[in-house]
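Taken together, the values in this text are just the output of simple stated rules run on the coordinates, not laboratory data. Note that the structure is predicted; figures quoted are calculated from it, not measured. Backbone-built Cβ (ideal geometry, glycine too); neighbour counts: all protein chains shown.
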Amino acid sequence: MDIETIELSSLRYFVVTAEHLNFTRASEQLGMAKSKLSKEILKLEDVLGTPVFERTSRVVRLTEVGHLLYQRATVLLEDASHLVNDIRTMQDHVAGHLRLAAPPALGRFISSNLLPEFMNQWPDVSVSLRLSYSYEDLFKEGVDLAFRMGSHQNDNLIVKPLGQANRVIVASPDYIANHPTITEPEDLSQHRAVQMFAASKHHWTLKHQRQTTQVPMNNSFQCDDFVALIEMIKSGVGIGQLPWLTVREHVRRGELAILLPGWFNEGLPISLVYRQGYNKPRKLAEFIRCIDANASRFDLRYPN
């Protein structure tokens, strides 16, 4: 017997009939024809391979199998009802576990500027945040929503623009004091570069209003972690072109200084993505609403 062939509706028809032990009254309660109810019970018995009722012209009784099935079926139907109610409650109530993903720098930003507000407002929501430079497969990884920096194209995802970020050129005050002065983009090529990108990329692209230039760079250190890069720049190893988001506090504390103000890289769009056609539960809908209410915080361009 294949259990997958027993439908909950068949069990419901059986339970109601077992409670009445009368096909006429059971069919009236179920709102279906007596003949259809009889066919449904026969179909169930065919799946089980044994009768569940003893039928005579005068009386309907449960068989031994029928008694066992009634005990178990009532529990199954009750559990199914609780499951449906729990799911509906989850949809209506802001609760559950929210799975997010973001690049590390942006993840740290939302951890200090967005998530505390949201989680204090909705204490029944727990959050896991995956920090990674790779773009997770939201379907495969079970991620509810991901933050992205840079261009993104995926026909299977809804992409919602949030703001912009840009990179600035920074160096430590000691480095600036002890190395050739930088007044034009061309001066950068005389200095060692500390950067996140692979060392095979030997130039920086800079824009000033409508003017764009590419400057060849001498790459001396490469690492895919902004914290390590900033420490190297603060130590005077070289200069870096890093997101304003990652260096602004260091600039404000005087640990780093901006070189060539007004010259930036191409702006980086910030967006959030989630699954297309995804029936958003309340926890996700409220989080997106929280993001929308704080959209101005995602303008992460210098001099903001």
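Let me spell out the model: positive unit charges on the Cβ of Lys and Arg, negative unit charges on the Cβ of Asp and Glu, origin at the Cα centre of the stretch 167-259. What dipole size does that give, in debye rounded to 20? Kindly include the intermediate steps, with their values, before the conclusion.
Working: 9 positive and 9 negative charges, 56 e Å.
So the magnitude is around 260 debye.
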Cα centroid separation - the stretch 26-43 against the stretch 222-240, whole Å
76
Quick one: dipole size for the chain, taken about the Cα centre, charges +1 on Lys/Arg Cβ and -1 on Asp/Glu Cβ, in debye to the nearest 20.
540
Given Cβ charges of +1 for Lys and Arg and -1 for Asp and Glu, the option among MET217, GLY236, ILE169 whose Cα lies farthest towards the positive end of the dipole of the stretch 167-259 is ILE169
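Using DSSP, restrict attention to beta bridges with both residues in the stretch 167-259 and report what percent are antiparallel, rounded to the nearest 5.
On the way: 13 of 19 bridges.
Roughly 70 percent of the DSSP beta bridges within the stretch 167-259 come out antiparallel.
Which net charge results for the neighbourhood of ASN22, defined as the other residues with beta-carbon distances under 12 angstrom from its beta-carbon, given Lys and Arg at +1 and Asp and Glu at -1?
Values: positive: ARG25, LYS34, ARG55, ARG58, ARG61; negative: GLU19, GLU28.
Result for the local shell: +3.
What net charge is computed for the residues neighbouring LEU268, neighbours being all others with C-beta under 15 Å from the C-beta of LEU268, Lys and Arg scored +1, Asp and Glu -1?
Numbers: positive: ARG148, ARG167, LYS207, ARG248, ARG301; negative: GLU266, ASP299.
With Lys, Arg at +1 and Asp, Glu at -1, the neighbours total +3.
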By its C-alpha gyration tensor, with a ≥ b ≥ c as the square roots of the eigenvalues, how is the stretch 167-259 shaped: rounded for a/c under 1.5, else prolate for a/b larger than b/c, else oblate?
rounded
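Can you compute the charge dipole magnitude of the stretch 3-92 about its Cα centre, using +1 on each Lys and Arg Cβ and -1 on each Asp and Glu Cβ, nothing else charged? Give it in debye, rounded to the nearest 20. Let's see the in-between values first.
On the way: 11 positive and 13 negative charges, 105 e Å.
Dipole size: approximately 500 debye.
Report the net charge of residues surrounding ARG301, where surrounding means a beta-carbon distance below 11 angstrom and charges are Lys +1, Arg +1, Asp -1, Glu -1.
On the way: positive: ARG167, ARG248; negative: ASP299.
That works out to +1.
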One would report the Cα pair-distance distribution of the stretch 3-92, bin width 10 Å, in %, as 16, 48, 26, 9, 1
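Find how much the distance from SER151 to ARG58 grows on full extension, using 0.36 nm per residue of separation minus their present alpha carbon separation; answer in nm with one decimal. Working shown, then result.
Numbers: separation 93, 0.36 × 93 = 33.48 nm, distance 7.60 nm.
Full-extension gain reported as 25.9 nm.
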Under the Kirkwood approximation for Rh and a Cα-based Rg, what ratio Rg/Rh is obtained for the chain?
1.31
Contour minus end-to-end for LEU76 and LYS34, with contour as 0.36 nm per residue of separation and end-to-end as the Cα-Cα distance?
12.7 nm
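Among the lysines in the chain, how many pairs, 8 or more places apart or on different chains, have alpha carbons under 22 Å apart? Please report the intermediate quantities before stating the final value.
On the way: LYS34/LYS43; LYS140/LYS160; LYS140/LYS280; LYS140/LYS283; LYS160/LYS280; LYS160/LYS283.
Going through the chain pair by pair, I get 6.
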Evaluate the relative contact order of the stretch 167-259 (contact order divided by residue number), counting alpha-carbon pairs under 8 angstrom at least 6 apart; express in whole percent.
44
